[in-house]
Amino acid sequence: MALKGFHMIHADQLVKWFGPTRAVGGLTFSIPKGQVVGFLGPNGAGKSTTLRILTGYLPPTSGSASIAGHDVLKASEAARATIGYLPESTPLYPEMRVEEYLDYRGKLLDMTRPDRVRRIGEVCDRCGLSHIRRRLIGQLSKGNRQRVGLAQALLHEPAVLFLDEPTAGLDPDQITHFRELIAELRKKHTILLSSHILAEIEKTVDRVLILKEGELVADGAPDELCGRVVGGSRVLVDVQAQADALSAALRQVTGVSEVQTTPHDGWCHAEVTPEGDKDLRQSLVKAVTDKGWPIREVTRRKANLEDYYLQLFREPGDAPAAATA
Ligand code: ADP
């Protein structure tokens, strides 16, 4: 059992039913030490339920999970000792001061007083709370409360961190700060974090797991998943021409699969999807200049995680994700 220690997080056929609702349906995955993994999926896909099972807050209906080789049910104390958890809505105590709350959390984690004093100083420093550690939690901004949540998750130096929507409600500046923090934390921790912000995940993680209706539908490095986007990298051109004429001319270029045009103030913006991942810029420019139309922009946009996500969740019969940006 403990040999699974190579995998800091291991889920084996996890299933969770809430009455008639199946929240998680047979989830199996392993995360090795030091990996930072993004956990994605639409609302209701089962992310929070999975995180709650992995952190020992909720028993699965069937299946098992272990953290650093400790079964989350049979060895729950040992498992919890290696876990730091930032839940979706952190139950913080508004009437407590930041340092008081962290001290209280440290006591719950059985940390000795000297350990608590040392670690509270360290996590406040790391999470940018040092200047407000004597403030009442109830008076803090959403961003600072999120930092307190993260500070409590890091308090006992856990090997594994579970972060449920850590950037929810943060402004772009705070999100940038958070990204820097993750970059630093990845040196010491194995991290599983859920988020709705795909662009953020793409920059932050080594690997992405995508859930759909409680099942794993994708598992790979962001680049690998982007490589699976049908139509690959699209070319965007801005041309002074009639939309219909432009569309017809571009469609005749060899290797073009799809053209979407949007007219605006005398110009026409075209988004061209290639067959495969060909770079069509030169042949598109030639097709336009042969007609004598002025061009003011040509850009090739690489497929991103959002394109892949849209492709994955597109209903059969919907327009191709490549054409809906
Ligand atoms: P996500 O985090 O991906 O948004 P959740 O894990 O919160 O998804 O929810 C998965 C499904 O389980 C949803 O259909 C949700 O309504 C249901 N669910 C989650 N928690 C409970 C609960 N405590 N009681 C009943 N149903 C629940």
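For ASP103, ASP307, ASP206, which order do you get if you count the other beta carbons within 10 Å of each Cβ and list the fewest first?
ASP206, ASP103, ASP307
Could you pull out every one of the aspartates and glutamates with an alpha carbon less than 15 Å from that of LYS74, ignoring same-chain neighbours closer than 8 positions?
ASP12
Please give, to one decimal in nm, the separation of the simple spin-label points placed at GLN13 and SER141, each 7 Å out from Cα toward the Cβ.
4.9
Can you give me the long-range amide H partners of VAL72? Hydrogens built in the peptide plane at 1.01 Å from N, cutoff under 5 Å, separation of 5 or more residues or another chain.
When sequence neighbours closer than 5 places are left aside, the close amide H contacts are ALA65, SER66, ILE67.
Would you give the gap between the C-alpha center of the range 129-206 and the C-alpha center of the range 274-309, rounded to a whole Å?
With the range 129-206 and the range 274-309 each reduced to a Cα centre, they are spaced 38 Å.
For a paramagnetic label modelled at 7 Å from the Cα of PHE313 toward its Cβ, which residues of the range 164-208 fall within the zone defined by backbone nitrogen distances under 15 Å?
Within reach of a label on PHE313: 165, 194-202.
Determine the alpha carbon to alpha carbon distance for each of LYS212/LYS302; LYS33/LYS212; LYS33/LYS302; LYS203/LYS302; LYS16/LYS47; LYS33/LYS187 and list only those over 20 Å.
LYS212/LYS302; LYS33/LYS212; LYS33/LYS302
Note the angle between two axes, namely the Cα long axis of helix 281-290 and the longest principal axis of the Cα atoms of the chain, as a number of degrees from 0 to 90, rounded to the nearest 10.
Taking the Cα atoms of the chain, the angle to 281-290 is about 30 degrees.
Between HIS264 and THR176, what's the calculated FRET efficiency when r is the beta-carbon distance and R0 is 25 Å? Round to 0.05.
With a Förster radius of 25 Å, E is 0.20.
Starting from 0.36 nm per residue, how many nanometres of slack lie between VAL285 and TYR57 once their C-alpha separation is accounted for?
Difference between extended and current length: 76.3 nm.
Using the charge dipole of the chain (Lys, Arg: +1 at Cβ; Asp, Glu: -1 at Cβ; taken about the Cα centre), state which of GLY276, LEU54, VAL235 has its Cα farthest towards the positive end.
LEU54
Say a paramagnetic label sat at a point 7 Å from the Cα of LYS33, along Cα to Cβ; which residues of the range 69-111 have their backbone N under 14 Å from it?
69-70
Place a +1 charge on the Cβ of each Lys and Arg in the chain and a -1 charge on the Cβ of each Asp and Glu, then give the dipole magnitude about the Cα centre in debye, rounded to the nearest 20.
980
Work through the residues other than ASP219 whose Cβ is under 13 Å from its Cβ and net out their charges, Lys, Arg +1 and Asp, Glu -1.
0
Ranked by Cβ crowding within 10 angstrom, fewest neighbours first, how are ILE132, ILE31 ordered?
Ranking ILE132, ILE31 by Cβ neighbours within 10 Å, fewest first, gives ILE132, ILE31.
Looking only at the range 265-287, which residues have a backbone nitrogen under 18 Å from a spot 7 Å from the Cα of ILE295 in the C-beta direction?
267-275, 278-287
Charges on Cβ only, +1 for Lys and Arg, -1 for Asp and Glu, centred on the Cα centroid of the chain; of ILE67, LEU192, GLY266, which one is farthest towards the dipole's positive end?
ILE67
Could you run the Karplus curve 6.51 cos²θ - 1.76 cosθ + 1.60 with θ = phi - 60° over the range 300-314 and give me ³J(HN,Hα) per residue in whole Hz, x for Gly and Pro?
My calculation for the range 300-314 gives 9, 9, 5, 4, 10, 4, 5, 4, 5, 4, 4, 4, 5, 9, 5 Hz in order.
So which GluC sites (Glu not before Pro) in the range 40-127 end up in coil per DSSP with only 12 or fewer other C-beta atoms within 10 Å?
Here the sparse-neighbourhood loop sites are GLU95.
How would you order 11-20, 194-203 from highest to lowest mean count of nearby Cβ atoms within 10 Å?
Highest to lowest by the protection proxy: 194-203, 11-20.
Among residues other than ASP173 whose Cβ falls under 12 Å from its Cβ, what is the net charge (Lys/Arg +1, Asp/Glu -1)?
Neighbour charge sum, excluding ASP173 itself: -1.
So for each of 48-60, 210-222 I average, over its residues, the number of other beta carbons within 10 Å; can you give me the resulting order with the highest mean first?
Result, highest mean first: 48-60, 210-222.
For HIS196 and ASP238, compute 0.36 nm times the residue count separating them, minus their Cα-Cα distance, and round to one decimal in nm.
Result for the pair: 12.0 nm of gain on full extension.
Under 9 Å from the Cβ of VAL235, count the other residues' Cβ atoms, weight Lys and Arg +1, Asp and Glu -1, and hand me the total.
Taking every Cβ under 9 Å from that of VAL235, the sum is +2.
If the elastic network links every pair of Cα atoms under 10 Å, which of VAL256, VAL123, VAL229 fluctuates the most in the Gaussian network model of the chain?
VAL256
Sort GLU258, GLU297 so the one with the fewest other Cβ atoms within 10 Å of its own Cβ comes first.
Ordered by Cβ neighbours within 10 Å, fewest first: GLU297, GLU258.
Calculate, axis by axis, the spread of Cα positions in the range 167-263 along the three principal axes, and write the results as whole Å, longest axis first.
Reported extents, whole Å, longest axis first: 56, 32, 26.
Calculate the tail of P(r) for the chain: the fraction of all Cα-Cα distances greater than 32 Å, expressed in %.
Beyond 32 Å sits 42 percent of the P(r) for the chain.
Using the per-residue mean of other Cβ atoms lying within 10 Å as a proxy for protection, in what order, highest first, do the peptides 153-159, 175-181 fall?
153-159, 175-181
Just so you know, all these numbers are worked out from the coordinates, no wet-lab data involved. What you are looking at is a predicted structure, and each value in this text was computed from that prediction instead of being measured. When we count neighbours, we look across all protein chains shown, and the Cβ atoms used for this are built from the backbone with ideal geometry, even at glycine.
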